[in-house]
Each structure stands twice: as C-alpha cells, then as structure tokens.
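Derivation of every value follows stated rules applied to the coordinates shown; laboratory data play no part. Quantities reported herein were computed from a predicted structural model and do not represent experimental measurements. Glycine gets a Cβ as well: all are built from the backbone with ideal geometry, and neighbour counts include every protein chain shown.
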C-alpha cells in the first residue's frame, strides 16, 4: 500500500511517550506527512492537552511513570467527549497479554516499538478516516 502524504494533511495526532527519542521520531514522521502533532510526556500531561486540542488519533506508550498507557487509555475512553477518539497503544513488547489488556481498556490498535514511518502513518490513516466519517455523520444529523 503506497502512502502518499496528502491524505494525512491536517490530521491532529497526539503522541504520549516518556521517551524523548520516540516522541521526536514520531513527530518527524508525522510532520513530514502533514500532520499537526501534539506531544505529551505522560498521561497527566496528555489529558490536559487532549481537552484543549481534541486530537484525531492518539498514540500512547504502555510503560510510563505516574499514569501508564492502560490507565491513560481507560481515562480517555471513559470521557464521553473523547471515547470515540482512536487510541493506539505503543509497546516495546509484542505480547499477547499486553494486546489483550489494551483491548480491555478500549484501545483501537497496538503497535510494537520501534515503529517504522510507514506503520505509524498507516495507523493514522486507518483511524483518522474512521473519525472523520463519524464526525461528518454527526454534523449532518443535526441539519
């Protein structure tokens, strides 16, 4: 599947990871594809930014201090304003248990780190289209 950067222009993507390296590489890949990028170091930092910026897609690392990825995802999904926002778990372990636990808290997908530019952009593309469609249905329903 060839990715042309055009289809990601204007997508708001948040990356929550306590690793500066992961945040920076994700930011570079996403900015090159035309996304607007929001970065957060942990779940607390992220929750405040999500309310202000309403990202289209959220990537969250599982292993983080203070509030881990599962807790962060669960909090996002419990909030009625954001429960439709796709949350993609990031983990350096490709474990069945982690995937299952991610599903339990409502995550929409699971990516193993280190991710490639293509894997990251394809995930944004898949989930962003879903959100865009849902938002358009809502706005047409009101007219």
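Scanning the stretch 48-95 for residues that are under 19 Å from residue 119 (Cα atoms) and over 14 Å from the mean Cα position of the chain (by Cα) returns 92, 93, 94, 95. Just checking, does the stretch 55-72 include any residue being out of contact with any strand residue (DSSP E or B) (no Cβ under 6 Å at 6 or more places or on another chain) and free of Cβ contacts under 8 Å to residues at least 12 places away in the same chain? Looking through the stretch 55-72, none of the residues is out of contact with any strand residue (DSSP E or B) (no Cβ under 6 Å at 6 or more places or on another chain) and free of Cβ contacts under 8 Å to residues at least 12 places away in the same chain. Among the candidates 11, 26, 48, 40, the residue that is surrounded by 21 or more Cβ atoms within 10 Å (Cβ to Cβ), touching a strand residue (DSSP E or B) at 6+ places or on another chain (Cβ under 9 Å) and either without any contact (Cβ under 8 Å) to a residue 60 or more places away in the chain or more than 17 Å from residue 124 (Cα to Cα) (or both) is uniquely 40.
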